[in-house]
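Just below is one structure, and these are the notes that go with it.
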């Protein structure tokens, strides 16, 4: 479906009251929180299908706003690791455009019954949530949901999963990431049951949310957990996809 240009959303980044250093590239933003060049780079991005190669078994259709590089990478890191929480709103609204790209077309005046969506953010581990002063994807999910509702798409936010302790994925290979994700993610029985009943009464597309997809292990593990709980997953929306850098490698 067409969700409209991202320029108006990206332009809002320039109006954030943030430190003088640009969140995207580190340059002097003078006095905005994001410099004009980074705003222009973000405005040029369009959601597109992405898939790690090789893909883990069970990975649902996945879409990303762009590569995990440049201004997008800078903003994600500033928000996620450097405490620039006001970025949640513009990043969440950009994430909404990725969700919309996974949905069927709906009339401008209101959504068709089949266009309803349930957003399920991948949960932070307890340690990550403490370090980030809250679950960073849940903070992104709320403005994403608000943006979709503005477009006439019925949205429900759900948290049917919990994440236990897990090692830092940055130091893990593909197999270790997959094993860690499978071990860490668990359903919340009552919330999963509530969501399952909701989907029976009101069919909707269940879309997983994450900030970055690298191997797809976490999204595949979350899909497996939800499917086993009777909750079918329609797709996954992420802000960025990590491009593989090995010579001759294709995909993400």
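In this rough spin-label picture, where each label sits 7 Å from Cα along the Cβ direction, the residue 227-residue 57 distance is 0.9 nm. Taking packing as the residue-averaged number of other Cβ atoms within 10 angstrom, the listed peptides 75-86, 34-45 run from highest to lowest as 34-45, 75-86. Considering only alpha-carbon pairs that sit under 8 angstrom and 6 or more positions apart, the relative contact order computed for the range 46-241 is 32 percent. By other beta-carbon atoms within 10 Å, ranking 218, 227, 242 with the fewest at the front produces 227, 242, 218.
Over the range 46-241, consider all pairs of different Cα atoms and compute the Kirkwood hydrodynamic radius from their mean reciprocal separation; express it in Å, one decimal.
Numbers: mean 1/r = 0.0598 Å⁻¹.
It is 16.7 Å.
The spacing between the range 188-209 and the range 56-87, judged by their C-alpha centroids, is 25 Å. Beta bridges from DSSP with both residues in the range 46-241: antiparallel share about 20 percent, rounded to the nearest 5.
Residues 101, 234, arranged from fewest to most other Cβ atoms within 10 angstrom of their Cβ, appear as 234, 101.
Here, each number is a calculation from the coordinates, and none is a lab measurement. From a predicted model like this one, the values you see are computed outputs, not experimental measurements. Virtual Cβ from ideal backbone geometry, glycine too; neighbours counted across all protein chains shown.
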